Amino acid sequence: MNSKKGSSSVFLMVILGALVSIALLLIYSVRDYSVASRADGVINLAGDSLMSEFDYYVQKEYGLFILSGSDSQLTRKLRSYVGYSLDDMEDVKVEDVNVSGSRFSVVNKELIEEQIIEHMKLTEAEGLLKAAVGGDKKEENMMEERSLRDGPTVVSLPSGMVPGKKLTTLAAEIAESVTDAEEAFREGTEKYLMNCYIMMYFNNRTRQNDAEHFFRNEAEYILAGELSDRKNEKRVEIALKAMRFPLNLAHIYSDSEKNAATMAMAQMMTPGAGAAATQAALAATWAYAEADNDVELLMQGNKVPLIKDKTTWAIDLNSAVEGIFGGTVRPAMEKGYDYEKYLQIMLFFQDENIRTARILDLIQINCRKNYNRNFIIQEYSSGVTIEARVNGKRFRYEKQY
């Protein structure tokens, strides 16, 4: 009998010990989970606090969220935020905290493009896009021409290591694929929104968006990449002529009257077998004279169509050959695209990497002029990677604007 009671007691003690062990295991597990959950919340919130320290000036002026600081600086900030909440907790040991912005560096132009596109989609949704870039009402650009000579600013420009295509080559390619030019104005596309961003935030020869910016011709800078307003304007002017010339030449050969007029003059000048070569030279002279006049019309705020007809042709053959126009000649009808629209066409065909890099160039140039003399945009990031270890448990987060 006593033997049975002893066995029962031992059995109960074993069961009780097991239950106590399970209870203790559950208590420690819940405690570990609670600490981990608390640490997760604190580190996550600290990361959000870090992200809230974006550059307010850049956000206000350009709609972009970027964060300054080296990895060591960002790590020290986050460590102080985490320590404020966790260092006084009993049995909680923050073993390691690291922050890196390298994955989200502003040098990664795709991330900046994404931000720009999202910003412009929001602008479009708020009904502000057409008012900003689509209206005819715009402030005339009265700024003085400038040249950038500041060495530290020049050598640190993001576009310095990005190869760009010669602008006249780009213009000739546009003329060859002119039927695709309409895509530049198809609303809602990413390239259209990028163009709208440029027209909304940066100056050009015919529109002044911000008199405090360094360059007068900023959209032209994005296309040409020269360090002076005058050179950028000249390169765009040459590119416009390079675009207009083959389009005008094609019109001359496709128009029976103009084709006949060049042949008649060629036969008068060089009768016989040489007439064909003379006709080609006359047609080229006429097309270039018309292109030169086209650019003058655009610079004066008028419109020029991509593909011309009889009503939009301005220069007659005799005036083209003699080189006497008496100033800018207006066609019988004005229609087509203005100077800004031609800029948008060229921007549409421009390489995306060089376009975005030069947008960042302008942001840096203007920030160094108006806000922070030591501003270097390559020292900024659009997000961070956070890694931490608390009580042996690892935590990892990626936060991006």
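The values are calculated or read from the model by the stated rules, or taken from the named source; none is laboratory data. All figures in this text were calculated on a predicted structure; none of them were measured in a lab. A quick note on method: Cβ atoms are made from the backbone with ideal geometry, for glycine too, and the neighbour counts reach across all protein chains shown. All accessible areas refer to the heavy atoms of the entire protein, side chains included, with ligands and DNA or RNA removed. Shrake-Rupley method; radii C 1.70, N 1.55, O 1.52, S 1.80 Å.
When you check Leu298 against the structure, is it surrounded by 18 or more Cβ atoms within 10 Å (Cβ to Cβ), assigned to a helix (DSSP H, G or I) and not basic (Lys, Arg), yes or no?
Details: surrounded by 18 or more Cβ atoms within 10 Å (Cβ to Cβ): yes; assigned to a helix (DSSP H, G or I): yes; not basic (Lys, Arg): yes.
Criteria met by Leu298.
Can you report the number of residues in the range 315-330 which are buried (at least 20 other Cβ atoms within 10 Å of the Cβ) and assigned to a loop (DSSP other than H, G, I, E, B)?
1
From the list Arg373, Arg396, which one is in a loop (DSSP other than H, G, I, E, B) and either modelled with pLDDT under 95 or open to solvent by 30 Å² or more (accessible area, probe 1.4 Å) (or both)?
Result: Arg373 is the single residue among Arg373, Arg396 that is in a loop (DSSP other than H, G, I, E, B) and either modelled with pLDDT under 95 or open to solvent by 30 Å² or more (accessible area, probe 1.4 Å) (or both).
Tell me, yes or no, whether the range 171-182 has at least one residue that is in contact (Cβ under 8 Å) with a residue 40 or more places away in the chain, in contact with an Asp or Glu (Cβ under 9 Å, 6 or more places away or on another chain), surrounded by fewer than 19 Cβ atoms within 10 Å (Cβ to Cβ) and of a type in the set (D, E, K, R).
no
Select from the range 261-276 the residues that are farther than 14 Å from Leu317 by Cβ and open to solvent by 70 Å² or more (accessible area, probe 1.4 Å) and write down the one among them that is modelled with the highest pLDDT.
This residue is Pro271.
Could you look through the range 49-70, keep only residues that are in a helix (DSSP H, G or I) and more than 15 Å from Ile377 (Cα to Cα), and pick out the one that is least open to solvent (accessible area, probe 1.4 Å)?
Among residues in the range 49-70 that are in a helix (DSSP H, G or I) and more than 15 Å from Ile377 (Cα to Cα), the one least open to solvent (accessible area, probe 1.4 Å) is Leu50.
Give me a count of the residues in the range 271-292 that are in contact (Cβ under 8 Å) with a residue 24 or more places away in the chain and not hydroxyl-bearing (Ser, Thr, Tyr).
9
With the requirement that a residue be of a type outside the set (A, V, I, L, M) and part of a helix (DSSP H, G or I), what does the range 331-360 give you?
Within the range 331-360, Tyr339, Glu340, Lys341, Tyr342, Gln344, Phe348, Phe349, Glu352, Asn353, Arg355, Thr356, Arg358 qualify.
Output the residue which, of all residues in the range 331-349 that are open to solvent by 50 Å² or more (accessible area, probe 1.4 Å) and touching a residue at least 40 places away in the same chain (Cβ under 8 Å), is nearest to Phe202 (Cα to Cα).
Step by step, filter the range 331-349, then rank; the result is Lys341.
Name every residue in the range 212-260 that is of a type in the set (A, V, I, L, M), open to solvent by less than 40 Å² (accessible area, probe 1.4 Å), out of contact with any strand residue (DSSP E or B) (no Cβ under 7 Å at 6 or more places or on another chain) and more than 18 Å from Thr169 (Cβ to Cβ), in order of residue number.
Ile252, the sole residue that qualifies.
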